[in-house]
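Report on one structure; see the data block that follows.
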Amino acid sequence: MRVLVLGGDGYLGWPTAMHFSARGDDVAVVDNFAKRQWEMEEGIEPLLPIPPLHKRVRAWQRVSGREIGLYVGDLMNHRFVYKVLREFQPDAVVHYGEQPSAPYSMQNRTTAVDTQINNIVGTLNLLFGMRSHCRDAHLIKLGTMGEYGTPNIDIEEGWLEVEHNGRKDRMLYPKKPGSFYHLSKVHDSHNVEFACRIWGCAATDLNQGVVYGVDTEETKADPDLATSFHYDQVFGTVLNRFLVQAAIGEPLSVYGKGGQTRGFLNIRDTLKCVELAADNPAAAGEFRVLNQFTEQFSVLDLANRVQAVAKAAGHDTTIVNTPNPRVELEEHYYNARHSGLVELGLEPHLLDDDALGKMFATVSANVGSVDRNALAPTILWARDSRACLCPVP
Ligand SMILES: NC(=O)c1ccc[n+]([C@@H]2O[C@H](COP(=O)([O-])OP(=O)(O)OC[C@H]3O[C@@H](n4cnc5c(N)ncnc54)[C@H](O)[C@@H]3O)[C@@H](O)[C@H]2O)c1
């Protein structure tokens with residue numbers, strides 16, 4: 001298979017590219033290094049420095065004997081996108097190449113607009129490019145479980161059977177996302193569904209949960225093949241933040257009541273899910289949606305898990321409730337279907353104490369690189385930011 005990975009310099013894009021290459025597929029990556037620019041703007045770094053993409057591509061060739069093609073350019077430049085598609089002629093396009101942070105998008109007008117333009121225009125360019133230059137290729141688009149929000153009903157996989165005034169139809173599941181970033185993904189989903197319905201494109205929208213872990217078979221092969229670990233308030237995830245807080249001896253800060261429940265998955269399962277989607281493509285004209293997570297946890301569950309693992313490693317840690325910078329339900333119903341990928345053959349790696357302990361050991365070994373200033377949440381969702389200073393009941 002010829003696999004084109006968009007966003008190939010990213011946390012998930014680089015391990016995905018190596019994963020397909022390792023099994024013998026012809027792989028090329030595309031990136032404009034926007035993420036590195038956003039990190040510079042925010043003054044933050046991943047926990048460990050990540051070599052430039054050119055160096056990682058060379059390291060992969062040295063380690064595996066296999067070549068990964070590299071295209072440097074912006075998905076918002078449609079001429080660049082068309083050229084890459086025309087030249088590479090992919091069978092599958094894995095689209096990770098977007099601005100991935102909710103807090104980044106909620107900072108101000110500029111970052112909200114930049115996020116939506118980057119993500120929505122990039123995806124539109126891709127859809128038009130695929131229509132003209134690789135009509136039969138399968139688009140595997142990374143969306144997020146955050147598109148659904150936390151509705152008070154079961155979350156289905158993308159579609160909902162609706163009965164209204166005695167008539168029935170199958171509609172896209174109604175979305176209640178929680179940030180301008182998540183909204184960009186909702187708009188993408190609608191645009192991709194439209195391209196499937198009108199042009200006959202084949203697409204899989206993977207509504208992914210929060211990914212954790214940095215070790216895959218391929219990243220472990222050489223230090224130059226590593227992928228990023230973010231713990232900061234902009235690009236970090238809650239689990240990574242708790243691991244870092246425990247390692248540096250700070251209390252684990254649970255925003256609000258900590259009842260916010262979300263889907264999570266191991267990075268190895270991300271790679272497997274994308275592989276399963278590529279090997280079992282959507283049909284022409286089909287907009288297939290799969291919810292890509294393996295377990296759901298509340299924020300407080302995660303804090304308790306990290307506290308226990310840190311204690312076993314000799315670190316006593318406390319948990320504190322802090323004001324929530326986000327506007328979100330802190331206690332809610334959450335039951336999201338996620339059977340599609342398991343039916344395709346996914347065997348989940350679960351977040352057991354062993355997996356968590358290994359992540360904690362990696363973080364503990366690098367505490368000297370932690371920037372404590374990067375942890376505090378200064379990006380507030382509320383219109384009147386004073387609302388965020390209310391004490392938590
Ligand atoms: N990591 C997660 O937990 C998670 C969860 C759900 C969904 N996702 C989605 O998966 C995708 C990958 O996430 P990630 O964590 O690897 O993010 P990432 O930021 O590490 O990687 C995205 C890459 O895309 C590149 N990019 C962005 N805009 C581009 C453009 N216009 N042209 C070319 N390249 C561009 C960036 O430079 C970056 O290298 C994102 O779309 C994200 O929204 C991630």
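Just so you know, all these numbers are worked out from the coordinates, no wet-lab data involved. Since the model is a prediction, treat every value here as computed from it, not as a measurement. Note: ideal-geometry Cβ built from the backbone for every residue, glycine included; neighbour counts use all protein chains shown.
Taking the average, over residues, of other Cβ atoms within 10 Å as the packing measure, peptides 203-211, 40-48 rank 203-211, 40-48 from highest down. Roughly how many Å is it from the Cα centre of the stretch 74-118 to that of the stretch 191-210, as a whole number? So the separation of the two Cα centres works out to 15 Å. The spacing between the stretch 314-339 and the stretch 232-296, judged by their C-alpha centroids, is 14 Å. Could you compute the net charge surrounding ASP222? Neighbours are other residues with a C-beta less than 15 Å from the C-beta of ASP222; K and R count +1, D and E count -1. With Lys, Arg at +1 and Asp, Glu at -1, the neighbours total +2.
Computed from point charges on the beta carbon alone (+1 for Lys and Arg, -1 for Asp and Glu), the dipole magnitude for the stretch 177-236 about its Cα centre is near 380 Debye. For the stretch 291-393, the C-alpha radius of gyration divided by 2.2 N^0.38 Å, with N the number of residues, is 1.36. Here each label is just a point 7 Å from Cα along the line to Cβ, and for ASP316 and ASP352 those points are 3.0 nm apart.
With r as the distance between the Cβ atoms of ARG337 and ILE248 and R0 = 41 Å, compute the FRET efficiency 1/(1 + (r/R0)^6) and round to 0.05. After rounding, the FRET efficiency stands at 0.60.
Ellipticity at 222 nm from helices only: DSSP H runs of n ≥ 4 in the chain, each -39500 (n - 2.57), divided by the residue count, give -11000 deg cm²/dmol. The modelled label-to-label distance between VAL121 and ILE153, using points 7 Å beyond Cα along the C-beta direction, is 3.7 nm. Checking the Cα-Cα distances for LYS35/LYS220; LYS176/LYS257; LYS176/LYS358; LYS35/LYS83; LYS176/LYS272; LYS83/LYS272 against a 25 Å cut-off, the pairs over it are LYS176/LYS358; LYS176/LYS272; LYS83/LYS272.
Per-residue Karplus couplings for the stretch 331-343, computed as 6.51 cos²θ - 1.76 cosθ + 1.60 with θ equal to phi - 60°, are listed in order as 9, 6, 6, 8, 8, 10, 5, 8, 9, x, 6, 5, 5 Hz, Gly and Pro entered as x.
Once a ≥ b ≥ c are taken as the square roots of the eigenvalues of the Cα gyration tensor of the stretch 1-119, is the result rounded (a/c under 1.5), prolate (a/b larger than b/c) or oblate (a/b not larger than b/c)? It is oblate, given that a/c is not under 1.5 and a/b is not larger than b/c.
Please express the Cα-Cα pair-distance distribution P(r) of the stretch 334-386 as a list of whole percents, one per 10 Å bin, running from 0 to the bin with the greatest distance. Reading the bins upward from 0: 16, 21, 26, 31, 6. Counted residue by residue at 0.36 nm each, then reduced by the alpha carbon distance between them, the extension gain from ARG23 to ALA284 reaches 91.4 nm. Taking Lys and Arg as +1 and Asp and Glu as -1, the other residues whose beta-carbon sits under 9 Å from that of TRP199 total +3. In the chain, if the dipole is taken from +1 on Lys/Arg beta carbons and -1 on Asp/Glu beta carbons about the Cα centre, which of VAL210, PHE297, TYR96 is farthest to the positive end? Of the options given, the answer is TYR96.
With the Cα gyration tensor of the stretch 99-171 giving a ≥ b ≥ c as the square roots of its eigenvalues, does the rule (a/c under 1.5 for rounded; else a/b larger than b/c for prolate; else oblate) give rounded, prolate or oblate? Oblate is the answer for the stretch 99-171, as a/c is 1.5 or above yet b/c matches or exceeds a/b. The protection proxy used here, the mean number of other Cβ atoms lying within 10 Å of each residue, ranks peptides 141-153, 321-333 as follows, highest first: 141-153, 321-333. Put +1 on the Cβ of every Lys and Arg and -1 on every Asp and Glu Cβ in the chain; which of LEU172, ILE120, SER21 then has its Cα farthest towards the positive end of the dipole? Highest projection toward the positive end goes to ILE120. Using only alpha-carbon positions, what ratio does the radius of gyration of the stretch 167-282 give when scaled by 2.2 N^0.38 Å? The stretch 167-282 yields a ratio of 1.36. When only the Cβ of Lys, Arg, Asp and Glu is charged (+1, +1, -1, -1), the dipole of the chain relative to its Cα centre reaches about 740 debye. For the chain, modelled as a GNM whose springs connect Cα atoms under 10 angstrom apart, the maximal fluctuation among ARG241, ARG79, ARG131 occurs at ARG79. Mean-square fluctuations from a GNM of the chain, with a 10 angstrom spring cutoff on Cα atoms, peak among LYS175, LYS257, LYS83 at LYS83.
When the chain is treated as a GNM with alpha-carbon contacts under 10 Å, the residue of SER369, SER298, SER253 showing the greatest mean-square fluctuation is SER369. Extents of the chain, taken as max minus min of Cα coordinates on every principal axis and listed largest first, are 64, 56, 41 Å. Which residues does the label zone of ARG79 cover in the stretch 32-56, counting backbone N under 19 Å from a point 7 Å along Cα→Cβ? From the stretch 32-56, the list is 32.
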